[in-house]
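The values are calculated or read from the model by the stated rules, or taken from the named source; none is laboratory data. The structure displayed is predicted, hence computed values, not measured ones. With ideal geometry, Cβ positions are generated from the backbone for all residues, glycine too; neighbour counts draw on all protein chains shown. Heavy atoms of the whole protein, side chains included, go into the accessibility calculation; ligands, DNA and RNA do not. Shrake-Rupley method; radii C 1.70, N 1.55, O 1.52, S 1.80 Å.
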Amino acid sequence: EEDLALDGFESYTRSQYHPNNITHVVGKESEFIYAAVHTLLRRKGSMTPRQKRLRSLIDLVWRPVSTIREDVTAVLADLAPAIEAACARRESVILATDKHRSYPPAIKAVASLAALLSEGRFVHDRTSSRAARTKKNPLFVVNYVDRQMRKNMGEHVRETIRQGREVNCQMERMAVFMVAHNFLTPKRITDHARMGDQPTHAMAAGITGEALRQQVHRMISHRHVWTHLKGGQGWITRIWQHLYENPPVVWLKKGWLTTRTVALAPRRLPAHFLA
C-alpha cells in the first residue's frame, strides 16, 4: 500500500579491491526492506600507482561476472507480482531511484513493469544522488536504512577491521538484519523505556496478523532447512543456497589464482561436518 525506493549500498568483501553493491528495495513510508541483492564490482575511484598495478594484476585473472543492471532486473522481477497487485489497488505506484544509468533498462527488462510504466500506473521517479537527503528527498528512506546497516553490522562500518570475508555469509547476515529491522525494531526510537508497544516497520507496511506473529516467532525459535520450505523468490533463494560467486584469492606477487578458498560450497558442508 505504499510507494517504493531503490538504491545500492556500497561496501566490500574481503578487501577494497572487491567492492560490492547491495541493492535494496524499501517501502517509502514504512521503511520495510522488501528485498536485497548483491553485486560484486571492480574497484574504482582514485588509487595510488601501486594500487592501480595490483588491480590490473587481479584483472588479468578474474573479473566480476554479474552487473548491477542484471541483478536489479532479477530483484524487480521477483517483486513484480506484488507491484502489479499494488497498481491494481491504487492509482499508481512510484519507484524512486537516483540517476544510475542501469535502473531504467533494468525496469524495462521486466515485461509486466514495462507495460505498467507505459500506462502510467508504475512511475519511475529519478532524483540526483547529490541532492541533500532530507526528509523531503524521495530517497531519504534508503539513506535511513543505509545508516542502520552501517550502525548495526560491523562489517559495513567505515574503514572497518571486521569486513565481510565471504559473499554468501555476508548476505546471510543481511537477511538476519532484514528480519530484525522489519519485524523486531520499532519504526521510530522514542524516549520511552518500554518499546514493546511501539509499531514495527512491518506494522507500518500493513504486514500484520496473528499468523505472521507466529511465523516470526517460529523463525527465531526453530532451526529451518531449505528442503523443508515451500521455496521463495529468487533473491532469497540465492542467499539460502549459497549461489553467490566469491572473488578469488589472488597471489599478488605472482598474479596467480590460489587454491585457497574462504568458504565451502553447500555440497561440501555435510562431509565437512562429518569429518
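A few comments on the model shown:
- Filter result (within 18 Å of residue 7 (Cβ to Cβ), outside any strand (DSSP E or B) and either open to solvent by less than 50 Å² (accessible area, probe 1.4 Å) or in contact with a Cys (Cβ under 7 Å, 6 or more places away or on another chain) (or both)) within the stretch 111-139: 113, 127, 128, 131, 137, 138, 139
- Condition met for residue 85 (more than 28 Å from residue 132 (Cα to Cα) and surrounded by fewer than 14 Cβ atoms within 10 Å (Cβ to Cβ)): yes
- Residue 155 touching a Gly at 6+ places or on another chain (Cβ under 6 Å), within 23 Å of residue 244 (Cβ to Cβ) and surrounded by 13 or more Cβ atoms within 10 Å (Cβ to Cβ): yes
- Check on residue 106, of a type in the set (Gly, Ala, Ser) and under 20 Å from residue 40 (Cβ atoms): yes
- Of the residues making up the stretch 144-171, those that are in contact (Cβ under 8 Å) with a residue 24 or more places away in the chain and either part of a loop (DSSP other than H, G, I, E, B) or over 24 Å from residue 248 (Cβ atoms) (or both) are 144, 145, 146, 148, 149, 152, 153, 163, 165, 166.
- One residue from 200, 258, 237 being open to solvent by less than 60 Å² (accessible area, probe 1.4 Å), at pLDDT below 75 and not aliphatic (A, V, I, L, M): 258
So that you can scan it fast, the table gives a plain yes or no per residue for (1) touching a residue at least 40 places away in the same chain (Cβ under 8 Å); (2) over 26 Å from residue 204 (Cβ atoms):
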{"site": "5", "(1), (2)": "yes, no"}
{"site": "10", "(1), (2)": "no, yes"}
{"site": "17", "(1), (2)": "yes, yes"}
{"site": "26", "(1), (2)": "yes, no"}
{"site": "29", "(1), (2)": "yes, no"}
{"site": "32", "(1), (2)": "yes, no"}
{"site": "40", "(1), (2)": "yes, yes"}
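- Residue match in the stretch 47-69 (condition: free of Cβ contacts under 8 Å to residues at least 40 places away in the same chain and open to solvent by less than 10 Å² (accessible area, probe 1.4 Å)): no
- The stretch 76-99 residues that are farther than 16 Å from residue 110 by Cβ, paired with ones that are modelled with pLDDT under 95 and of a type in the set (Asp, Glu) (beta carbon under 8 Å, 6 or more apart): 89/1; 90/1
- Here residue 107 does not qualify as touching a strand residue (DSSP E or B) at 6+ places or on another chain (Cβ under 9 Å), in contact (Cβ under 8 Å) with a residue 24 or more places away in the chain, within 18 Å of residue 1 (Cα to Cα) and surrounded by 13 or more Cβ atoms within 10 Å (Cβ to Cβ).
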